[in-house]
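Here's the structure we're looking at; comments come further down.
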Amino acid sequence: MASDTSRQFLLIDGDDTLWDNNVYFEQAIEAFIDFLGHSSMTREQVRAALDEIELMNVSVHGYGSASFTKNLRQTYERLAERDLRPPEIEHVLQLGQRIATQPVQLLPNVAETVGYLAGRHDLMLLTKGHPEEQRLKIEKSGLASRFTATAVVHEKAEETYRAIVQERQLDPTRTWMIGNSPRSDINPALQAGLNAVFIPHEHTWRLEKEKVTPADGRLLVLRAFGELRAHF
Ligand SMILES: [Mg+2]
């Protein structure tokens, strides 16, 4: 059992840290590009057009599969080289909607590692997105009871982390953010004075990627969630 002085407060991301998420969006995008069948745009160009629409809409629609579905429809309406007919629009909508019906697939060694960590530290699940969609994923993950708190936020920015530290009266030097997104998990947490554990995931959403800022000793980079056992 860890002594009191080694007890840490661990904030843990959900999507693509505890369970697969973005891979389902990737599959929908690939199916969308096939369906669109554009005569001159490359797959990369179609993706760039979708990225642009997603970036434009995120502040209005937020994250999650319902917002993604609207973005997919908008991209279709913009790029389709044929008449916009209801059955085809419906098909595009279904590509996005079925993401929400996917099972929650935990990443390797997550269940036992979360169990181990919960016995030694305080764990808080911190995820961003559509509140109801995220709640459902937390419930389906079977991990909820391992966390002393869970929060679904609209964005994970530096202020989000500062607010959590203040509300819960945490010691930033013993608080860690663990996640796969440099933009939402790692950089804002480091900027707020926390420690961070970056666990890259091969299917991280393109709009979550950015350079990880150097952080003199406050950043740990691991290859897999199970490696946390060796550090906590
Ligand atoms: Mg994530």
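The values are calculated or read from the model by the stated rules, or taken from the named source; none is laboratory data. Owing to the predicted nature of the structure, the values given are computational and were not obtained by experimental measurement. So basically every Cβ, Gly included, is an ideal-geometry build from the backbone, and we count neighbours across all protein chains shown.
Key figures
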{"quantity": "Criterion: among the aliphatic types (A, V, I, L, M) and within 16 Å of the ligand (Cβ to nearest atom) - qualifying residue of 10, 84", "calculated": "10"}
{"quantity": "Flag for residue 66 being outside the structural domain of residue 179 (by TED's automatic domain parsing) and within 19 Å of residue 131 (Cβ to Cβ)", "calculated": "yes"}
{"quantity": "Hits in region 127-143 - residues which are over 14 Å from residue 65 (Cβ atoms) and without any contact (Cβ under 8 Å) to a residue 12 or more places away in the chain", "calculated": "139"}
{"quantity": "Some residue of region 170-189 being within 16 Å of the ligand (Cβ to nearest atom), in contact (Cβ under 8 Å) with a residue 12 or more places away in the chain, part of a loop (DSSP other than H, G, I, E, B) and touching a helix residue (DSSP H, G or I) at 6+ places or on another chain (Cβ under 9 Å)", "calculated": "yes"}
{"quantity": "Within region 202-220, considering residues that are in contact with a strand residue (DSSP E or B) (Cβ under 9 Å, 6 or more places away or on another chain) and of a type outside the set (Gly, Ala, Ser), the one farthest from the ligand (Cβ to nearest atom)", "calculated": "218"}
{"quantity": "Qualifying positions in region 97-113 - touching a residue at least 40 places away in the same chain (Cβ under 8 Å) and under 17 Å from the mean Cα position of the chain (by Cα)", "calculated": "99, 102, 104, 105, 106, 107, 108, 110"}
